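Q: Dropping the structure in here first, questions after.
The values are calculated or read from the model by the stated rules, or taken from the named source; none is laboratory data. These figures come from a predicted structure and were not determined experimentally. All Cβ positions, glycine included, derive from the backbone under ideal geometry; neighbour counts span all protein chains shown.
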Amino acid sequence: MGYYICKISFFSGEVSKSTGKAKASRSEILVEADTVTHAETRLHEHLAGDNSTAHLDFEVTSVAQSKIESVVHLKG
């Protein structure tokens, strides 16, 4: 397994006052996966299953393997 940086754009429903277009926000999420395709699938599953993001209209704009070798998870 490796780590992949997934870039997403999402639309929360806010509209720009000056242009009248939907405002897009961008975010990067680190995903542990075997391949680029696996990372994108895991990201979709995570965002669709999370109550805080399930209602957002999002698009994955890129997925690239990260140079990060490991992540330390601290419990407590």
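Q: Restricting the search to segment 59-68, which residues are among the charged types (D, E, K, R) and out of contact with any Phe, Trp or Tyr (no Cβ under 8 Å at 6 or more places or on another chain)?
A: Lys67
Q: Separate question: Within segment 52-76, take every residue that is of a type in the set (Val, Ile, Thr), at pLDDT 90 or above and more than 17 Å from Val36 (Cβ to Cβ) and give me the one that is surrounded by the most Cβ atoms within 10 Å (Cβ to Cβ).
A: Step by step, filter segment 52-76, then rank; the result is Val71.
Q: Against the conditions (1) touching a residue at least 24 places away in the same chain (Cβ under 8 Å); (2) surrounded by fewer than 15 Cβ atoms within 10 Å (Cβ to Cβ), where does Ser16 fall short? Just the number, please.
A: Here Ser16 clears every test but (1).
Q: Would you confirm whether any residue within segment 4-12 is over 13 Å from the mean Cα position of the chain (by Cα), part of a strand (DSSP E or B) and either touching a residue at least 24 places away in the same chain (Cβ under 8 Å) or surrounded by 11 or more Cβ atoms within 10 Å (Cβ to Cβ) (or both)?
A: Among the residues of segment 4-12, at least one is over 13 Å from the mean Cα position of the chain (by Cα), part of a strand (DSSP E or B) and either touching a residue at least 24 places away in the same chain (Cβ under 8 Å) or surrounded by 11 or more Cβ atoms within 10 Å (Cβ to Cβ) (or both), which makes the answer yes.
Q: Looking only at segment 13-45, which residues are part of a helix (DSSP H, G or I) and among the polar types (S, T, N, Q)? Talk me through it step by step, then tell me what you get.
A: The initial filter retains those residues of segment 13-45 that are part of a helix (DSSP H, G or I), namely 36-45.
Scanning segment 13-45 gives Thr37, Thr41.
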